[in-house]
Amino acid sequence: MQWIAPSEKNTDIATLEKRLWDSADQFRANSGLKPQEYSGPILGLIFLRFAEVHFARQRAILEAAGAGSRRGSRVDEPAAYHAEGILYLVPEARFEYLLTRQESSDIGAAINNAMRFIERDNETLKGVLPRTYNLFTSALLKDLLNKISEIPANVEFDAFGRIYEYFLGEFARTEGQKGGEFYTPSSIVKLLTEIIEPFHGRILDPACGSGGMFVQSSRFVAERRGNPAAELAICGVEKTDETGRLCRLNLAVHGLEGDIRHGGNVNSYYDDPHTAAGRFDFVLANPPFNVNAVDKERLKDMVGPGRRFPFGLPRTDNANYLWIQLFYSALNRTGRAGFVMANSASDARASEQELRQELIESRVVDVMIAVGPNMFYTVTLPCTLWFLDRGKSDTPRAETTLFIDARNIYRQIDRAHRDWTPAQIGFIANIARLYRGEAPDMTVGGEETASKLREVFGNSPAYADIPGLCKAATLDDIKAQGWSLNPGRYVGVTPGESVSDEDFRTQLESLNDEFETLTAQAHELEAAIAKNVTEILEWK
């Protein structure tokens, strides 16, 4: 199925994002620093603008309450702000104070002091905020403060988050491969959350980067009129200290807190700081693909039922099936996981195929979605979204897995980048809901999603296999395909459409695998026959 959406028209916020980014890019050009050196300070100032807007609103509420109270005003009590999930700011830590500093003063030192005061008065941010503003001239900082002050004080809460995420994405794009280590495009993450539906519970990302999975999970709850801070307990692991601090800052921008373990020697392959096995309701992740040189000797004591690697260790020098097992083992008996994975993991042979077979036979693989190329800033290759559901074995879906081919559903952002529109995200997620027997949810995509569902699945939408789009395959179907989890092997082609190069490659690889298997079996039979004939002749 093909659905290519038109590019999005500029909105006020999108225009503001672009204008702010152009200023940041000019800041970079004049500073002579690398992206990873100036991204933190810029995000820190955006965060400071956000923090002051919310501080000012709460201060006004406290002033009004104090005017008629015998207890007097609480406007200068940090606890009165923390109780509402808002950061307390002394006067020297407020954006407006910094904005009024003269260019002739040491603005870099003033900002560093502001960050120091914020960490002192707000325990959750201790050791998180950047303090490298002394690297920049006062003239550069003054100009940047003026540009960031253009973010209106009355902007919606979510718009601040969107601006922050826009900058994360742009920094990821400019930093190339390193950027891909800390940022997953928001449309990918939104689809993951729409399908695992994290309404309430403990959520883990053992490769959390800048925290986008947590932010989208909180947005999922908020869009359904819940309180994310009350509904979700956030736990993350990030091996890079700088990125871990970025994650905690991102959570703070969105009014969230979490237990994020980062830096030092923490590594999700070898370390388990959250004692994760069987403890989480949800796992969301975009791990690094095809990592080699993992020291498997250090993992041997973590293998077996109820442990981190319940199905065993792959013999190949590739960590994909280590990650997959980490996600699976962290789930409780009804837990759900959604994660991004290299396409090669869906069809990997040898020991990885054996591990995949065990996973499939445990009846937890719920949904597999093929994603087309150019959805990520740093790689052009397509990928696959995996969804596990440990509660599925007690449902009518126990013996089936849903495969969706979304490679031809996208919006072309520019020549090299694609994403999904809200309507496309809502449409794909509702295919999974229909398959599960759930009512469609139009929170994302609204009427455009509803219209597309009616067009494809009928006026009263009910799940059905649609050639070229989706297929509910049985365990026997999957076994017949060599335990492959590649959606292209099951979904087929829409009537009237030609087979794409990628589908042809998939089919050719499948036929070649079958040919190699049959050839190997033929050689085994040939050897057995020759041995039997020799024994018979020698007996005579």
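Here are a few things to note about the model shown:
- Sole residue being in a loop (DSSP other than H, G, I, E, B) and not aliphatic (A, V, I, L, M), chosen from 363, 333: 363
- Sole residue being free of Cβ contacts under 8 Å to residues at least 12 places away in the same chain, surrounded by fewer than 18 Cβ atoms within 10 Å (Cβ to Cβ), not small (Gly, Ala, Ser) and not in a strand (DSSP E or B), chosen from 438, 358: 438
- Scope segment 219-245; condition under 15 Å from the mean Cα position of the chain (by Cα) and of a type outside the set (Val, Ile, Thr); matching residues: 219, 220, 235, 236, 238, 244
- Residue match in segment 422-441 (condition: modelled with pLDDT of 95 or more, touching a Lys or Arg at 6+ places or on another chain (Cβ under 8 Å) and among the aromatic types (Phe, Trp, Tyr)): yes
- In segment 419-428, the count of residues that are of a type in the set (Gly, Ala, Ser), farther than 19 Å from residue 193 by Cβ and surrounded by fewer than 24 Cβ atoms within 10 Å (Cβ to Cβ) is zero.
- Condition met for residue 343 (in contact with a Gly (Cβ under 6 Å, 6 or more places away or on another chain) and either in contact (Cβ under 8 Å) with a residue 24 or more places away in the chain or under 17 Å from residue 388 (Cβ atoms) (or both)): no
- The number of residues in segment 307-334 being under 13 Å from residue 355 (Cα atoms), surrounded by fewer than 22 Cβ atoms within 10 Å (Cβ to Cβ) and β-branched (Val, Ile, Thr) comes to 1.
- Subset of segment 105-126 (residues that are in contact with a helix residue (DSSP H, G or I) (Cβ under 7 Å, 6 or more places away or on another chain) and either small (Gly, Ala, Ser) or part of a loop (DSSP other than H, G, I, E, B) (or both)): 105, 106, 108, 109, 110, 114, 126
- Listed by position, the helices (runs of 4 or more DSSP H) contained in segment 205-265 that have at least 3 residues being crowded, with 22+ Cβ neighbours inside 10 Å, on the phi < 0 side of the Ramachandran plot and in contact (Cβ under 8 Å) with a residue 24 or more places away in the chain are 212-223, 241-253.
- If you go through segment 311-331 and keep only what is more than 24 Å from the chain's Cα centre (by Cα) and either in contact (Cβ under 8 Å) with a residue 60 or more places away in the chain or under 18 Å from residue 390 (Cβ atoms) (or both), you end up with just 311.
- Segment 442-466: number of residues that are assigned to a loop (DSSP other than H, G, I, E, B), within 23 Å of the chain's Cα centre (by Cα) and either touching a residue at least 40 places away in the same chain (Cβ under 8 Å) or crowded, with 18+ Cβ neighbours inside 10 Å (or both): 3
- Selection status of residue 378, at pLDDT 95 or above and in the same structural domain as residue 444 (by TED's automatic domain parsing): no
- Residue within segment 83-90 that is in a helix (DSSP H, G or I) and either surrounded by fewer than 17 Cβ atoms within 10 Å (Cβ to Cβ) or under 33 Å from the mean Cα position of the chain (by Cα) (or both) present: no
The values are calculated or read from the model by the stated rules, or taken from the named source; none is laboratory data. Remember, predicted model here, so these are calculated numbers, not experimental data. For neighbour counting, all protein chains shown are included, and Cβ atoms are generated from backbone atoms with ideal geometry for every residue, glycine included.
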